[in-house]
1. Nearest 10 degrees, 0 to 90: what angle lies between the long axis of helix 23-34 and the longest principal axis of the chain (Cα atoms)?
2. Residue by residue through region 314-319, which ³J(HN,Hα) values in whole Hz follow from phi under the Karplus form 6.51 cos²θ - 1.76 cosθ + 1.60 (θ = phi - 60°), with glycine and proline marked x?
3. For Ser255, what is the net charge nearby, where nearby means another residue's Cβ is under 12 Å from its Cβ and Lys, Arg count +1, Asp, Glu -1?
4. Karplus couplings for region 85-101 from phi (6.51 cos²θ - 1.76 cosθ + 1.60, θ = phi - 60°), rounded to Hz, Gly and Pro as x?
5. Relative to the longest principal axis of the chain, what angle (0 to 90°, nearest 10) does the C-alpha long axis of helix 170-180 take?
6. Between beta-carbons, use under 10 Å as the cut-off and find the net charge around Met192, counting Lys and Arg +1, Asp and Glu -1.
7. Tell me the angle of helix 286-310 to the major Cα principal axis of the chain, expressed in degrees between 0 and 90 and rounded to the nearest ten.
8. Cα centroids of region 364-386 and region 59-119: how far apart, whole angstrom?
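What follows is calculated from the coordinates using simple rules that are stated; it is not laboratory data. What you are looking at is a predicted structure, and each value in this text was computed from that prediction instead of being measured. In this analysis, Cβ positions are derived from the backbone assuming ideal geometry, glycine residues included, and neighbour counts consider all displayed protein chains.
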Amino acid sequence: MGSENILYLCGKIINHSHFIMEISQLKQAFLEAYNHDAAAVFFSPGRVNLIGEHTDYNGGHVFPCALSFGIYLLIAPNDCKQWRFRSLNLPEIISIDVTSAPRKLPNNSWANYPLGVFAQFLKNGVRIESGYDILAWGNVPAGAGLSSSAALEVVTAYALDTMLGTHLDRTQMALYGQAAEHDFAGVNCGIMDQFASAQGKQDHAIDLDCTTLQYELVPIKLDGMKVVITNTHSPHKLDSGAYNTRVAQCQEALSQIRALGFSHIENLAQLSQSDFDSIADLISDPVAKMRARHVVGEVARTNEAIAALKQGNITRFGQLMNLSHISLRDDYEVTGPQLDALAEAAWHVDGVIGSRMTGGGFGGCTISIVRDKAIDLFIEQVSKEYTQRTGLKADFYIAQIGDGAKQLE
Ligand code: GLA
């Protein structure tokens, strides 16, 4: 999902608040599509993760923020006993009979995300007897790894919850979204993206413990600095199988480690760095060892980074961001030449506090903390070095940290 046509401003800094369609325009589009008015309008944001990558499905902490851009969803009941899905970003229109058990749609249909959420309501015993008309529009950059799919899942959960009066809490909405991603998109993702989309708060990051789902909102006040997202324009493909392979490799690492005298641990995040070091040479599978080394190190880095930020030590936070990227590059092997080129170019710029890939990897975006006075230089130098190394053009966005899912009308 995304609005590639609108956001394609290569080499220029982009302020995303400019890419808001008026709600009246969205309502008009709904009326034209379905010949009746929308009953309600909802929004759920994309996310960017500051640190804590590939730790969520290993039981560790993550530290994401909701963004000011995301997915808008308009909904109304209909009389034709169908769930009808349309998007203003993509041409495909899907209609599903309300009496048929929803199944995954072929050809990576975008409607798998909302339909997968309908299926979760049904699976949890909620009856959906009415037909519904749905129109979605997103302003998340396409293929950028900023969780447009999670935003679509969560906004659907929020809208259905409101229409059906099921009173889900936001964490349950996130869990429905995650289950939809597993069952209808085939990605065995952790909870981070959907949780950030559901629970985000303006100008805060979420310190989420992915084992207990307890969380703390941490204010992000960066005096004289900005969070800059840089898009590789090398599409991140979460459904490519490489993500699910990493999840499986972590499970393999866990079972090897449990057999080495750590049968009490339930996930890799429970292994301390010193315990890992004491058995690292005994892990027979070299790939499993590398994956575990990343996770154990990233869990420690994330906890240290959050503590450093709370103490106002942004320099240490930045160093840990850089170390996170290196570990994702060397041990987790999810960066690739484009993300490495962006991060390394950023590290060369005076005034960059830290820079790393963000999200699942294999393309997508980096996130950098940059001093205000260095931003122009950052864009100039990173653009130049990136294009020289890859032949591609990068886009830059100043991250505006927004609220989680909400009803707009
Ligand atoms: C994707 C997944 C998340 C998380 C990140 C990596 O965004 O959806 O659950 O695993 O990758 O941190």
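1. 50
2. Running phi through 6.51 cos²θ - 1.76 cosθ + 1.60 with θ = phi - 60° gives 6, 4, 5, 4, x, 4 Hz.
3. On the way: positive: Arg258; negative: Glu252, Glu266, Asp285.
Around Ser255, the surrounding residues sum to -2.
4. 10, 10, 10, 7, 9, 9, x, 5, 10, 10, 10, 10, 5, 5, 8, 8, 6
5. Compared with the principal axis, the helix lies near 90 degrees.
6. Working: positive: Arg47; negative: Glu53, Asp56, Asp193.
Net charge in that neighbourhood comes out at -2.
7. Compared with the principal axis, the helix lies near 80 degrees.
8. Using only Cα atoms to place each centre, the spacing works out to 35 Å.
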